[in-house]
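**Q** Can you keep this structure in mind? I'll have questions shortly.
Coordinate-derived values only; no laboratory data. Bear in mind that the values here come from a model prediction, so they are computed numbers and not experimental data. Heads up, the Cβs are rebuilt from the backbone with ideal geometry, glycines too, and the neighbour counts pull from every protein chain shown.
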Amino acid sequence: MLVTKKNLLINNVKELSGRTIAVPQFGNTQHLCLLNLLSTNGLNTFEKGGNVKIIESSNPDTKTLMDKGDIDAALVPEPWATRLVKEIGVNILLNSDQVWDDGDYSTAVIIVSTKFYEKNKELVKQFLKTHIEITEYINEHPEDAMVKINDKIGELTGSKLDTDVLQSSFKNMVVTYDPSVLSIDKFMTIYQNEGFVKTIPNKDKIYDFELLNDLLKEKNCLKLV
């Protein structure tokens, strides 16, 4: 979601002119979505002669900066978007389905190098099989899945998410084994248009869904990727 600090109430992206906005990492999903939002609303970053400043900030640091009022806005993934709303009272400028492409885009995909893939096809196949099974389990048993996920978050970080934060976050996500090729292609276009690269070599050769589709056929899934 695209959020603004608690004392900054604005109605549209154009009002971010002259503001400082945080993203978790330069070049990642949120950064590209933000650059696209600015471009489509007639705004530019300082690097491109505009007056919008984008900074790179880890999600925990973004929470601190927004709470202190040191940044004006942030485009962050879940569960941090919901945490910012519930824990420090930020305002939602654009919800998850308003940031870009009606929210129908990949935010994380699994990739593997060609070299590794060629040497470890069985391992990759087993990984994909497990990934499909876990994805189906999460979608079929969301409440139980949320408990297991929160337990793991607590184990890894020492602190679990509040139940309402976890539930709200889940509403803004789609858990799937479909990599959404169309959205990845669009991201590559934005990446090139924003000047990260001049060209994208082998663009048509980065996908190989043979193993994934074989596994889906074995499970009699109607939808292949």
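**Q** Run the dipole for region 148-225 about the Cα centre, Lys and Arg Cβ at +1, Asp and Glu Cβ at -1, nothing else charged, and hand back the magnitude in debye, nearest 20.
**A** Approximately 100 debye in magnitude.
**Q** Here's a follow-up. Would you pull out the residues with amide H under 5 Å of Asn44's amide H, same chain only if 5 or more places away, H placed 1.01 Å from N?
**A** Amide H neighbours of Asn44: Asn51, Val52.
**Q** For region 77-86, in order, what is each residue's ³J(HN,Hα) by Karplus, 6.51 cos²θ - 1.76 cosθ + 1.60 with θ = phi - 60°, in whole Hz (x at glycine and Pro)?
**A** x, 6, x, 5, 4, 5, 4, 4, 5, 7
**Q** From the backbone phi of region 88-102, what are the Karplus-calculated ³J(HN,Hα) couplings (6.51 cos²θ - 1.76 cosθ + 1.60, θ = phi - 60°) in whole Hz, Gly and Pro given as x?
**A** Working through the residues one at a time gives 10, x, 5, 9, 8, 8, 9, 6, 4, 8, 10, 5, 6, 6, 6 Hz.
**Q** Separate question: Rounded, prolate or oblate: which one fits region 37-170, using the alpha carbon gyration tensor with axes a ≥ b ≥ c (rounded when a/c is under 1.5, else prolate when a/b beats b/c, else oblate)?
**A** It is oblate, given that a/c is not under 1.5 and a/b is not larger than b/c.
**Q** Read phi for every residue in region 204-218 and hand back ³J(HN,Hα) as whole Hz from Karplus 6.51 cos²θ - 1.76 cosθ + 1.60, θ = phi - 60°, with x for Gly and Pro.
**A** 7, 10, 8, 9, 8, 9, 4, 5, 4, 5, 4, 5, 5, 5, 4
**Q** Let a ≥ b ≥ c be the square roots of the eigenvalues of the Cα gyration tensor of region 2-103; is it rounded (a/c under 1.5), or, if not, prolate (a/b larger than b/c) or oblate?
**A** Note, shape of region 2-103 comes out rounded.
**Q** Among Phe187, Thr20, Leu9, which residue has its Cα furthest toward the positive end of the charge dipole of the chain, with +1 on Lys/Arg Cβ and -1 on Asp/Glu Cβ?
**A** Result: Thr20.
**Q** Points 7 angstrom from Cα along the Cβ direction at Met188 and Asn213: gap in nanometres?
**A** Modelled inter-label distance: 1.7 nm.
**Q** Then there's this: Rounded to the nearest 5, what % of DSSP beta bridges with both residues in the chain are antiparallel?
**A** Around 45 percent of the beta bridges assigned by DSSP in the chain are antiparallel ones.
**Q** Using a 10 angstrom cutoff on alpha carbons, build the Gaussian network for the chain and name the most mobile of Pro60, Pro179, Pro79.
**A** Judging by the Gaussian network model, the answer is Pro60.
**Q** To the nearest 0.05, how large is the calculated FRET efficiency for Asn28 and Asn220 if R₀ is 22 Å and r is the Cβ-Cβ distance?
**A** 0.05
**Q** Any chance you could check the Cα centroid distance between region 92-133 and region 1-74 for me, in angstrom?
**A** 26 Å
**Q** What does the chain give for Rg and for Dmax, in Å, if only its C-alpha atoms count?
**A** 19.3, 55
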